[in-house]
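Working notes for the structure below.
The values are calculated or read from the model by the stated rules, or taken from the named source; none is laboratory data. For clarity, every value in this text was computed on a predicted model and none was experimentally measured. Cβ coordinates were reconstructed from backbone atoms using ideal geometry, including for glycine residues, and neighbour counts include every protein chain displayed.
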Amino acid sequence: MILVAHPVGNQNVRALLGALNQRRLLHSFHSSLALHKDSWLCRLPVVGKECLRRTFDMVDGALLHSYPRYDVPRVLCDKLKWYSLTQRNIGMFCPENVYEHIDRASAQFLYNTARKPSQVYGYDGKCKALFTAAKAVGGITLNYEAAFGSISYACGMLDHEREANPAWRASIPNLSETTIRKQTAELALADRIIVASTFAKRTLGESGIAHQKVAVTPYGAPAPMVHKEVNVRAGGPLKVIFVGALTQQKGISYFFEALKIASGSVALDVTVIGADYANGRNQALNSELKKYRWLSSAPHDQVIRQLLAADVLVLPSLAEAFGLVVGEALSTGTAVIVSQNCGAADLIIDGFNGYVVPIRSAEAIAARLVELADDSEKLSALKHNAVFSAGRTTWDTYAKEVLDAILGQP
C-alpha cells in the first residue's frame, strides 16, 4: 500500500492516484484540501470554484486527508490581492509554509496510524518530514518525484539571469537556499526517483545523483484534437503563442526579444497567456505586454481554443523539467519551438513537428519564426506532423510507467 502526499494534486498526481485506487494500492492521500464534488465547500461563494479544483472523485473518500490551515488563507489572500501575505518564502501564507504544514501533518499521520504503508510517494521540496518519518518507522520504500529536476541547477541558471538581465529581476523566481537544502535532503533519503524528461534526469546527474536511481516517465498529453489536414493560409501573419507563467525561468525576455527581431522582417500575430509573476513590478515586461494580446489567466478550454487558432507555440525555458503545454500544442496541430532546457523537448523531432533551439538565443527563435512565416508549406508540414506525433504518451501510460518503476516491474 502506498501513501501519497502533495499540496494540491496536479494532473500527474491525479493520474497516479486514479491508478493506485483502481488497483487497490492506495493507502491514503494527503493534501491541503482533498474533497469530493458533493462537498458543501464547493458551493461557497468566492472559494467554491477553487474548492472544485481540489476534488478527487477517483479516490475513496475515506482515503482523503486534508490540512487546509495555510492554503485556504493563501487562496483568500490572493483573491483579495493581499500579496504581501503570500509572497514567496516570507509571507505568512506563502507556498513554502503551505508545503511545510502538509509535510509535517502527513509525517505525524504516518507515525500515528496503526496501518503502516509499505511505500510513500512524495514530491520535490514537499516531503522531507514525511521521508524522515518513514525512515524512522522503518521498512518503508521512499519514492520521490522530482517534478522540477534539480532545483540547484535551476538556481544557477537564475543567478546568471540576475546579472545578465537586471531589468528583468522582478520576474526571476526567488528559490531560497532552504528550498535547495530541502530537496538535497529529500534526494538523499529517496530510494527511487521519478522524473518526466531526460533534461530533468541530466540536471540531477550534474548534482551527483546516480543515473541508476532515476527513472524517466514522461507526462501525459491529450489525444489529437484535430482529425483533418492542417492547412495554413498563405499571406497572413504568423500566429505565435506563449503559454505559461511570465517568469524569466520560462525565458520570457528572450521570447519578447525574438518577437522584436522577427517582426522587423515578417508580420506576427501574438497571444500571451500567463500570470505576471512580478505583479506589475517589472517595467520591461509591462512595456512588452502592451504590444500584444495578453490574457493574465484563462480557463483550460480557452487555452485550447487559443492553441487551435495558433501556428506556433514558443517556450524558451531556461530550466523546465517538462512543460505540459507542449503536448497540448501538438494535439491541436500547433508547431512548437522549445529550448534545449525544456524537458518537453523530448516530444519534439527537430524539423518534423517543431524546433529545439539553444537557451538564451532570441536570434535562433527569431530565425525559425521568420522561416515559418515565409514558408507556408513548411509550416503546414510541421502542423500536420504535430498532430501525427501527438498523444504518444497518455496519462494512463504515465501512471502505468510510474507504477512499473516503483513496483519493480519491467
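S287 passes every criterion in (1) free of Cβ contacts under 8 Å to residues at least 60 places away in the same chain; (2) of a type in the set (S, T, N, Q); (3) under 21 Å from A196 (Cα atoms) apart from (3). Restricting to the range 136-155, name every residue that is at negative phi, without any contact (Cβ under 8 Å) to a residue 60 or more places away in the chain and either loosely packed, with under 14 Cβ neighbours inside 10 Å or not small (G, A, S) (or both). Passing the criteria: A136, V137, I140, L142, Y144, I151, C155. Out of the residues in the range 148-201 that are among the β-branched types (V, I, T) and in contact with a Lys or Arg (Cβ under 8 Å, 6 or more places away or on another chain), state the one that is nearest to A345 (Cα to Cα). The extreme case among them is V195. Given the structure, is A164 more than 20 Å from the chain's Cα centre (by Cα) and farther than 30 Å from A134 by Cα? Considered against the rule, which asks whether it is more than 20 Å from the chain's Cα centre (by Cα) and farther than 30 Å from A134 by Cα, A164 comes out as yes. Residues of the range 182-190 include at least one that is surrounded by fewer than 19 Cβ atoms within 10 Å (Cβ to Cβ), out of contact with any His (no Cβ under 6 Å at 6 or more places or on another chain) and among the hydroxyl-bearing types (S, T, Y).
Among the residues making up the range 327-369, those that are β-branched (V, I, T) and without any contact (Cβ under 8 Å) to a residue 40 or more places away in the chain are I337, V338, I348, V356. Listed conditions (1) buried (at least 16 other Cβ atoms within 10 Å of the Cβ); (2) closer than 30 Å to V75 by Cβ; (3) among the aliphatic types (A, V, I, L, M) are all met by I193, apart from (2). Restricted to the range 67-110, and to residues there that are at pLDDT below 85 and small (G, A, S), the residue that is surrounded by the fewest Cβ atoms within 10 Å (Cβ to Cβ) is S84.
Of the residues A329, A344, A335, which single one is among the hydrophobic types (A, V, I, L, M, F, W, C), closer than 30 Å to V120 by Cβ and in the same structural domain as Q249 (by TED's automatic domain parsing)? Steps first, answer last, please.
Details: A329 fails: closer than 30 Å to V120 by Cβ; A335 fails: closer than 30 Å to V120 by Cβ.
On inspection, the qualifying residue turns out to be A344.
In this structure, K383 qualifies as of a type in the set (K, R), farther than 22 Å from G264 by Cβ, crowded, with 22+ Cβ neighbours inside 10 Å and out of contact with any Leu (no Cβ under 9 Å at 6 or more places or on another chain). Criterion first (assigned by TED's automatic domain parsing to the domain that holds H30, touching a Lys or Arg at 6+ places or on another chain (Cβ under 8 Å) and more than 22 Å from A190 (Cβ to Cβ)) does T141 satisfy it? The answer is no for T141. Can you pull out every residue in the range 360-374 that is over 15 Å from V312 (Cβ atoms) and out of contact with any helix residue (DSSP H, G or I) (no Cβ under 8 Å at 6 or more places or on another chain)? Across the range 360-374, there are no qualifying residues. Of the helices (runs of 4 or more DSSP H) lying entirely inside the range 229-313, those containing at least 3 residues that are of a type in the set (G, A, S) are 252-262. Got at least one residue in the range 167-178 being within 17 Å of A147 (Cβ to Cβ) and at pLDDT below 90? Checked the range 167-178: at least one residue is within 17 Å of A147 (Cβ to Cβ) and at pLDDT below 90. For the range 252-281, a residue qualifies if it is at pLDDT 95 or above and either among the acidic types (D, E) or under 16 Å from A170 (Cβ atoms) (or both), and the qualifying residues are I252, S253, F256, E257, D269.
Check whether at least one residue in the range 215-222 is touching a Gly at 6+ places or on another chain (Cβ under 9 Å), on the phi > 0 side of the Ramachandran plot and crowded, with 17+ Cβ neighbours inside 10 Å, and report yes or no.
Scanning the range 215-222, I find no residue that is touching a Gly at 6+ places or on another chain (Cβ under 9 Å), on the phi > 0 side of the Ramachandran plot and crowded, with 17+ Cβ neighbours inside 10 Å, so the answer is no.
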